[in-house]
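Below is one structure, written out as structure tokens; comments come after it.
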Amino acid sequence: MNLYSTIYNISFLKTLTFKKLTNFYLIKFSYLISRINRNANHRGMPASISIEPTTTCNLQCPECPSGLRKFSRPTGMLKRETMEEIIKQLGDYLFYVTLYFQGEPLMHKQFTEFVKMLKQKKIVVGTSTNAHFLSEEKSKEIIESGLDRLIVSLDGADAETYAKYRRGGEFEMVLKNIENLIKLRKTSKSQTPFVELQFIVFKHNEHQIDEIKKLGRKLGVDKVSLKTAQLYEFENGNELMPGNLKYSRYEEYEPGKYRIKSHLPNHCFRSWSSSVITWDGSVVPCCFDKDAEHRFGNILTSDYKNILESKVYQSFMQQILTDRSKIDICRNCTEGL
């Protein structure tokens, strides 16, 4: 574990307050009781959330709604007033915020302002980026904002492999931007952000796993992580599916037929402890609901506590406990792997 890994772990301890801890144990207790009784009994406010700065993206990745431009929901940019309302209602309870859902977050001009607003509430903040907008000026802003964690998606160890999925991307630009960020972090003597290189394993890049680890060390990132790919079409196989099942979310159960490895247990702690808020304030279950089909309410028009007590929310939670396989977004979920 390097210095920045230690600092990142310590940052969580700095978020602790009596109110946050009490709320977390309330969530945990109600979750355990619900699992035992098979009756949804949610208590407490979310301990973590994802907030969507924008649905806009500069790339055209084939398994991403942003890249495919195939959202059925409205698209747009998070407004400052929406962020203020989120913080007003939830800020005192949150340990962690992922300032990302769909889209490229650094395309939002107020991104670092949002980070600063969240940091004022002693919340650990992370994001995920394709790094094309990680210019020297933006890197300085990010370092100064106090962003705790920066995940950079790099799904190839060379330009040719990278371009097969990150369509429209510039491999050399990404490498240069990562190097500049690491250099600026060092020269400014900043303790943040923790920089993680994320490599989604596909059929066309699985041979480069060792290479991406070497590249990560060369760039000076704090961690290289391997991520399995979520595929929309997988039942009859998919050309993106890796041959090594260790790096696949899916398994072949008969010739040419695939299913998710998860046995879809009738429980999900993520549903009790966190949620996603889209750019327009809609509250949805989790990151698997990319098109926001399961909307529980809107934080701009309803108090979050009322959203938790709504019939649509309670019905969704009850379905998780009784027959989760009937929920469409759960059928392609890795919870329980």
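The values are calculated or read from the model by the stated rules, or taken from the named source; none is laboratory data. Note that the structure is a prediction, hence the values are computed from the model and not measured. Positions of Cβ are generated from backbone atoms using ideal geometry, with glycine treated the same way; all protein chains shown enter the neighbour counts. Ligands, DNA and RNA are excluded from the accessible area calculation, which covers all protein heavy atoms including side chains. Shrake-Rupley method; radii C 1.70, N 1.55, O 1.52, S 1.80 Å.
Quick grid of which residues meet (1) of a type in the set (A, V, I, L, M); (2) at pLDDT below 95:
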| position | (1), (2) |
| --- | --- |
| Ser50 | no, no |
| Thr56 | no, yes |
| Gly67 | no, yes |
| Leu94 | yes, no |
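Inside the range 146-168, can you point out the residues that are open to solvent by 20 Å² or more (accessible area, probe 1.4 Å) and more than 28 Å from Lys122 (Cα to Cα)?
Selection gives Ala157, Asp158, Ala159, Glu160, Ala163, Lys164, Arg166, Arg167, Gly168.
Within the bounds of the range 161-182, is there any residue that is assigned to a strand (DSSP E or B), without any contact (Cβ under 8 Å) to a residue 60 or more places away in the chain and under 20 Å from the mean Cα position of the chain (by Cα)?
Within the range 161-182, none of the residues are assigned to a strand (DSSP E or B), without any contact (Cβ under 8 Å) to a residue 60 or more places away in the chain and under 20 Å from the mean Cα position of the chain (by Cα).
Got a number for residues in the range 183-193 being charged (D, E, K, R) and either in a loop (DSSP other than H, G, I, E, B) or in contact with a Leu (Cβ under 7 Å, 6 or more places away or on another chain) (or both)?
Taking the range 183-193 as the starting set, the residues that turn out to be charged (D, E, K, R) are 183, 185-186, 189.
Now restrict to residues that are either in a loop (DSSP other than H, G, I, E, B) or in contact with a Leu (Cβ under 7 Å, 6 or more places away or on another chain) (or both): 189.
Total satisfying the criteria: 1.
Return the residue satisfying two criteria in turn: it lies in the range 246-281 and is open to solvent by less than 10 Å² (accessible area, probe 1.4 Å) and more than 24 Å from Ser34 (Cβ to Cβ), and of such residues it is farthest from the chain's Cα centre (by Cα).
Step by step, filter the range 246-281, then rank; the result is Tyr250.
Among the residues of the range 300-337, which ones are among the hydrophobic types (A, V, I, L, M, F, W, C), surrounded by fewer than 16 Cβ atoms within 10 Å (Cβ to Cβ) and more than 20 Å from the chain's Cα centre (by Cα)?
Narrowing the range 300-337 to residues among the hydrophobic types (A, V, I, L, M, F, W, C): 300, 307-308, 312, 316-317, 320-321, 327, 329-330, 333, 337.
Add one more test, that the residue is surrounded by fewer than 16 Cβ atoms within 10 Å (Cβ to Cβ), and what stays is 300, 312, 337.
Answer for the range 300-337, where residues must be among the hydrophobic types (A, V, I, L, M, F, W, C), surrounded by fewer than 16 Cβ atoms within 10 Å (Cβ to Cβ) and more than 20 Å from the chain's Cα centre (by Cα): Leu300, Val312.
Let me spell it out: the conditions are (1) touching a Gly at 6+ places or on another chain (Cβ under 6 Å); (2) assigned to a helix (DSSP H, G or I); (3) under 30 Å from Gly156 (Cα atoms), and Ser262 meets all of them except one. Which number is the exception?
(2)
Within the range 217-229, track down each residue that is open to solvent by less than 90 Å² (accessible area, probe 1.4 Å) and either over 16 Å from Glu206 (Cβ atoms) or not in a loop (DSSP other than H, G, I, E, B) (or both). So that I can check it myself, show each step before the final result.
Pass one, the range 217-229, residues open to solvent by less than 90 Å² (accessible area, probe 1.4 Å): 219-222, 224-229.
Selection gives Leu219, Gly220, Val221, Asp222, Val224, Ser225, Leu226, Lys227, Thr228.
Go through (1) out of contact with any helix residue (DSSP H, G or I) (no Cβ under 6 Å at 6 or more places or on another chain); (2) surrounded by 15 or more Cβ atoms within 10 Å (Cβ to Cβ); (3) more than 30 Å from Asp328 (Cβ to Cβ) and name the single condition Thr187 misses.
Every condition holds for Thr187 apart from (2).
Within the range 129-144, can one find any residue that is within 20 Å of Cys287 (Cα to Cα) and either modelled with pLDDT of 95 or more or over 19 Å from the mean Cα position of the chain (by Cα) (or both)?
In the first step, residues of the range 129-144 are kept if they are within 20 Å of Cys287 (Cα to Cα); the result is 129-130.
Now narrow it down to the ones that are either modelled with pLDDT of 95 or more or over 19 Å from the mean Cα position of the chain (by Cα) (or both): 129-130.
Checked against the condition, which is being within 20 Å of Cys287 (Cα to Cα) and either modelled with pLDDT of 95 or more or over 19 Å from the mean Cα position of the chain (by Cα) (or both), the range 129-144 yields at least one hit.
It is to be established whether one or more residues within the range 233-242 are more than 25 Å from Leu154 (Cβ to Cβ), within 22 Å of the chain's Cα centre (by Cα) and among the hydrophobic types (A, V, I, L, M, F, W, C).
Filtering the range 233-242 down to residues more than 25 Å from Leu154 (Cβ to Cβ) leaves 235-237.
Remaining after also requiring within 22 Å of the chain's Cα centre (by Cα): none.
For the range 233-242, residues more than 25 Å from Leu154 (Cβ to Cβ), within 22 Å of the chain's Cα centre (by Cα) and among the hydrophobic types (A, V, I, L, M, F, W, C): absent.
Can you name the number of the only condition in (1) loosely packed, with under 13 Cβ neighbours inside 10 Å; (2) closer than 27 Å to Ile182 by Cα; (3) not aliphatic (A, V, I, L, M) that Asn39 fails?
Asn39 satisfies every listed condition except (2).
From the list Thr75, Thr82, Thr15, Thr56, exactly one residue is under 28 Å from Gln314 (Cβ atoms) and either open to solvent by 80 Å² or more (accessible area, probe 1.4 Å) or of a type outside the set (D, E, K, R) (or both). Which is it? Please lay out each step first, then the result.
On the way: Thr75 fails: under 28 Å from Gln314 (Cβ atoms); Thr15 fails: under 28 Å from Gln314 (Cβ atoms); Thr56 fails: under 28 Å from Gln314 (Cβ atoms).
None of the other options fit; the residue is Thr82.
Just checking, how many residues over the range 282-294 are crowded, with 16+ Cβ neighbours inside 10 Å and over 16 Å from the mean Cα position of the chain (by Cα)?
Taking the range 282-294 first, the residues crowded, with 16+ Cβ neighbours inside 10 Å are 282-290, 292, 294.
From what is left, the residues that are over 16 Å from the mean Cα position of the chain (by Cα) are 282, 294.
Qualifying residue count for the region: 2.
Identify the residue in the range 1-47 that is of a type in the set (Gly, Ala, Ser) and assigned to a helix (DSSP H, G or I) and, among all such residues, is modelled with the lowest pLDDT. Steps first, please.
Within the range 1-47, the subset of a type in the set (Gly, Ala, Ser) is 5, 11, 30, 34, 40, 44, 47.
Still in the running and assigned to a helix (DSSP H, G or I): 5, 11, 30, 34.
Values: Ser5: 64, Ser11: 74, Ser30: 96, Ser34: 95.
Among those that are of a type in the set (Gly, Ala, Ser) and assigned to a helix (DSSP H, G or I), it is Ser5.
Would you call Ser50 part of a strand (DSSP E or B) and surrounded by 20 or more Cβ atoms within 10 Å (Cβ to Cβ)?
Numbers: part of a strand (DSSP E or B): yes; surrounded by 20 or more Cβ atoms within 10 Å (Cβ to Cβ): yes.
When the stated conditions are applied, Ser50 passes them.
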